[in-house]
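Input: a single structure, listed below in structure tokens.
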């Protein structure tokens, strides 16, 4: 089996690659070949892999580079996009147009129908969320990132319905705790209010303690992706966009947990700076 | 007030233009200027209009032509797209990419925020539809045309949320009876089973008599569009995609009505040819 990971250098992507390298299989099927692609050169230590590993530094907005990427006809494509900057509209180019190019390239190959697993997001739903979010909850996103993910779900659904693709979109909750890295997503504070105090640094909390949000660990996100790679047609009868389980926590819960582990000092580094402009977080 | 109609030569577009020409106003506000744009040269008899009428034969997939179209800064843009051919994927280019170009052109103009009224469709929802379809019903389209409309609703919603645009998407039911014209949409038969027998021609009906579908007249569709042009911010609190009322009829109801008006002869021209491939109609 040939597996392609687009976005292999991201937080979730690199954790997924770790798992694929150590398991050498996906749900019982052996990996023969793995291709890692990212806009920055993949940096994993790959020499010990039990199978062939290719790396590709690519710009997915370039149609030719996409076609090159698909030439090895990977059986499973993990497509992990996520330009989440709300301040500009770059996500339409990076997330939507690039992905549409990939779908078109696959369609035009004709006799090629890979499983494509896309890391969608709970941000496809706008607030308020019900306590339990059914897969069929209407998508009324309140962020551009959520809008772009909802558009990609529609595109992947349509290409799959027409038989050009075998796509699965899994709606990930906010993955915490993310490592230090440039991140302009609105949900960034959910990591920083834990990560920075542990490192003895201040962190700003823009929402009240009662703010409730669904989260999952990086490990859980990887499990979701791997499971999605093998879902059968029969398991996809309710559609190809599937809402993932999550932990529903308040910011107060998170800070209390931090205090339980580190004591009062770390918690005092969290500065409460309400930001009313924060309508929705992704 | 300057009004632009993109798609002025289509069935609904031309009925809308008729109405604007005869009313010379939209919900009480006078029209000073009207620009009619279509891929074919507008053919209306315009000499009697009470205001200035411009016509533009344009290809909306051409960015430069779009910018030219917006130079007069129309206050209201009726954007009536609808390439509904399910057999190829051309609708992504004609409907989605072109509209995105229009939204981008408006955004980049900076201080320009027109009301844009887009003729969306009930096909954004896939079957089965509940008896009453709430605006917040999830969009799980079962046609490429419906998928494209759902994508445009998301785009117009996001650009409006960000303040770049003042968009309203009205989800039209299937408009019947359409005139003779090339039409590859799946819903085409809903017009032809009435239109052709009246003209003493045979028509094929691909669904059972019990097939129920929401329809509206061309006159109702124009009323919806005109009303949408003046909806206030306060009336748009539930979102910018609004499901229009419709008549819920079965094909049996339609054929019975035809018989009531024309007698048995016309009805006998309808050939019942079930087409199981017809999953969803737009």
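Conditions tested, residue by residue: (1) out of contact with any strand residue (DSSP E or B) (no Cβ under 8 Å at 6 or more places or on another chain); (2) part of a strand (DSSP E or B); (3) modelled with pLDDT under 95; (4) under 20 Å from residue A:171 (Cβ atoms).
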position	(1), (2), (3), (4)
A:67	yes, no, yes, no
A:82	no, no, yes, yes
A:91	yes, no, yes, yes
A:118	no, yes, no, yes
Q.
For the condition under 21 Å from the mean Cα position of the chain (by Cα), in contact (Cβ under 8 Å) with a residue 40 or more places away in the chain, within 14 Å of chain B (Cβ to nearest Cβ) and crowded, with 16+ Cβ neighbours inside 10 Å, what is the one hit in A:117, A:81, A:124?
A. A:124
Q: Please enumerate the residues belonging to segment B:56-78 that are farther than 21 Å from residue B:157 by Cβ and either in contact with a helix residue (DSSP H, G or I) (Cβ under 7 Å, 6 or more places away or on another chain) or touching a residue at least 24 places away in the same chain (Cβ under 8 Å) (or both).
A: B:56, B:58, B:59, B:61, B:63, B:67, B:69, B:72, B:73
Q: Please work out which one of (1) assigned to a loop (DSSP other than H, G, I, E, B); (2) under 21 Å from the mean Cα position of the chain (by Cα); (3) touching a residue at least 24 places away in the same chain (Cβ under 8 Å) is the condition residue A:36 fails and give its number.
A: (1)
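Only one of these is away from chain A (no Cβ under 14 Å), in contact (Cβ under 8 Å) with a residue 24 or more places away in the chain, surrounded by 13 or more Cβ atoms within 10 Å (Cβ to Cβ) and not in a loop (DSSP other than H, G, I, E, B): B:227, B:219. Name it.
One residue alone meets the criteria, B:227.
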Q: Kindly provide the set of residues from segment A:134-166 that are outside any loop (DSSP other than H, G, I, E, B), more than 29 Å from residue B:104 (Cα to Cα) and within 10 Å of chain B (Cβ to nearest Cβ), ordered by number.
A: A:161
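Run down B:48, B:88, B:62 and say which single residue is exposed (fewer than 15 other Cβ atoms within 10 Å of the Cβ) and within 14 Å of another protein chain (Cβ to nearest Cβ).
Only one candidate passes the filter, namely B:88.
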**Q.** Verdict on residue A:173 being touching a strand residue (DSSP E or B) at 6+ places or on another chain (Cβ under 9 Å) and away from chain B (no Cβ under 14 Å)
**A.** yes
**Q.** Residues located in segment A:171-205, provided they are part of a strand (DSSP E or B) and more than 20 Å from residue A:144 (Cβ to Cβ)
**A.** A:203, A:204, A:205
(Q) Looking at segment A:234-244, can you tell me whether even one residue there is farther than 24 Å from residue A:77 by Cβ, touching a residue at least 24 places away in the same chain (Cβ under 8 Å) and in contact with a helix residue (DSSP H, G or I) (Cβ under 8 Å, 6 or more places away or on another chain)? (A) no
Q) Can residue B:131 be described as more than 27 Å from residue A:101 (Cα to Cα), in contact (Cβ under 8 Å) with a residue 40 or more places away in the chain and within 11 Å of another protein chain (Cβ to nearest Cβ)? A) no
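The values are calculated or read from the model by the stated rules, or taken from the named source; none is laboratory data. All of these numbers come straight from a predicted model, not from anything done at the bench. FYI the Cβ positions are ideal-geometry reconstructions off the backbone, even for glycines, and counts take in every protein chain you see.
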